[in-house]
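Input: a single structure, listed below in structure tokens.
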Amino acid sequence: MTGKHRRTGSRAGFAAPAVVVALLMAAVVLLGADQPGVVAAQPRAPAPPGAPADSAPNPTWTVVPMTPEPAAARPVRVRIPAIGVDSRIVGIGVDATGALIPPDTTAVTGWFTAGPLPGAIGPALLAGHVDSRAGPGVFFRLRDVRAGDVVTVDRADHTSVSFVVDSTARVAKAAFPTELVYSPKPVAMLRLVTCGGSFDPSVRSYRDNVIVNATIR
Amino acid sequence: MAMRTFHWRPLGAVVLAGLLTAALTGAVPAAAAQAQSYLRLAHLSPDTPRVDVYLTAFGRPDFHQRFNGVGYGDVSDYQTLPPGEYTIAMRPTGAAPETKPVISTTLSAQKGRAYTVAGLGAFSDLALKVLNDEISLPPAGQARMRVVNAAPHVGDLSVKREGTAVIERVAFGDASSYVYVPGGPTSLTVVPVEAAPTSLPVTLETGSVYTVLVLEKSGALSAGVRQDARGAAVVPHGAIETGQGGPAPGDTGLALVLLVSAAAAGGALVVTTRRQRTA
């Protein structure tokens, strides 16, 4: 495991007084005795209508910081042993028209920096070329990936995170599943994308995208 | 697989490592990514004692999970599940599995959907609710947000964003509908009817989904914002151009087109491999 789920911090939040624990235990006993009403909270007298604010309950507030997700470092390398991939990762983004721009060269893999980091909650996206005029690209064999294959991403902080392939798909570019690829996810996922299908010389583009979906191990 | 089980933690605090023993006897199959469901469990009923939570799958006797000693304010991480019918039951902690649950509910998990199954309300009126966690793509520039009111004694809750109400009058034991708010740093204010408000400075990521959770323990209120799901902050248009018409094995074999043409000047027959210069 990557340590992603390891959370550290004060246990003060659990330092429930023993008496509370005891009460809970007693409540459980009572619950077992089928007397649930006994442990109902004491109702607080409602403030009379029009009462001044200071007669209303004025409990203290604690503002809980957003759930700290362990800071994931930038991805630097992707490895897919099943298809012999071991590639450097560079950041990629969109152009003025909003299209995703793949890496400049076919020898590296692009991580979409406006999406989640690999290993953080959400669908991280890695895009690599299938080929160039000169020969195979980094994701030349992506279409050979199978469910159960492992994809490992090395990060700048010398940690790594591994994903297991759930599914692969080849989709027509004309019907690219934007919603599925970029929509929010509540778990850490990785999507690997390259080109596939037949090549359409008239637009100098492959007709399909190959998409590999993986979930954090 | 052990680490893929639920990780319970109270809002903003640490894992209930000592209290949780998840008995996982059925591994979750590696379902297709687009065909997964997502589930988390929560205990948000302030006066309900600690419970053991049971998760079973209809028609799959090999699948069951059990989470021991789950207390008020505990919210698990999401886990992925194959779509299907599930039963979630809460028993008093330590009670035998064959005993009658305090409460139970069924979940029909649809592919691509996320759910929070939460014990809500007062113990005397306990409800085990299935909340639909909306994880479709928010509009450009927006985040999606709701509030869950699990504070019993301060009346309905409203949420203001930079002084303007965005969520209004959510009763104790309820979850609000979702609203869209612009991504970026902002100031939320949680406004109970019967207690002083509090402000919540947060940064909401565009394309993410949030729940504002309000708890009350021994008269002390707490408010926190949970990032339930994250999507891309910028959604690229269209497909991804990642090929240049080289040797990739497409449907037609090598993307190699032989052009035969007569060269006007020399009249010679030239065989050219046509290659594409751009993706």
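Quick note: the coordinates plus some simple rules give every number you see, no bench work behind them. The structure displayed is predicted, hence computed values, not measured ones. For neighbour counting, all protein chains shown are included, and Cβ atoms are generated from backbone atoms with ideal geometry for every residue, glycine included.
Just a few scattered comments:
- Within straight-line reach of B:K111, meaning a Cα separation under 20 Å, sit the following aspartates and glutamates at least 8 residues removed in sequence or on another chain: A:D166, A:E179, B:D77, B:E85, B:D133, B:E134, B:D228.
- When you filter the trypsin sites (Lys or Arg not before Pro) in the stretch A:121-153 for DSSP loop state and at most 15 other Cβ atoms inside 10 Å of their Cβ, you are left with A:R133, A:R146.
- Dipole check for the stretch A:137-217: with +1 at the C-beta of Lys and Arg, -1 at the C-beta of Asp and Glu, and the Cα centre as origin, the magnitude is about 140 Debye.
- Shielding by other protein chains, B:209-216, mean Cβ within 10 Å: 2
- Aspartates and glutamates with Cα under 14 Å of B:K100, excluding same-chain neighbours fewer than 8 positions away: A:D34, B:D52
- Shielding by partners for peptide A:169-178, expressed as the average number of C-beta atoms from other protein chains within 10 Å of each residue's C-beta, is 3.
- Candidate aspartates and glutamates for bridging to B:K160, where Cα separation is under 19 Å - those fewer than 8 sequence places away on the same chain excluded: B:E168, B:D174, B:E194, B:E205
- Of interest is the spacing of the C-alpha centroids, which for the stretch B:91-142 and the stretch B:181-199 amounts to 25 Å.
- Shape category assigned to the stretch A:91-147 from the gyration tensor of Cα positions, a/c cut at 1.5: oblate
- Averaged over A:113-121, number of beta-carbon atoms from partner chains that fall within 10 Å: 4
- An oblate overall shape is assigned to the stretch B:79-220, the ratio a/c of its alpha-carbon gyration tensor axes (a ≥ b ≥ c) being 1.5 or greater and a/b not exceeding b/c.
- Among the GluC sites (Glu not before Pro) in the stretch B:177-220, none is located in a DSSP loop while being surrounded by at most 11 other Cβ atoms within 10 Å of its own Cβ.
- Loop GluC sites (Glu not before Pro), the stretch B:64-169, which have at most 13 other Cβ atoms in a 10 Å radius of their Cβ (DSSP): B:E98, B:E162
- Close amide H partners of B:R226, meaning residues 5 or more places away or on another chain with modelled amide H under 5 Å apart, are B:T211, B:V212, B:L213.
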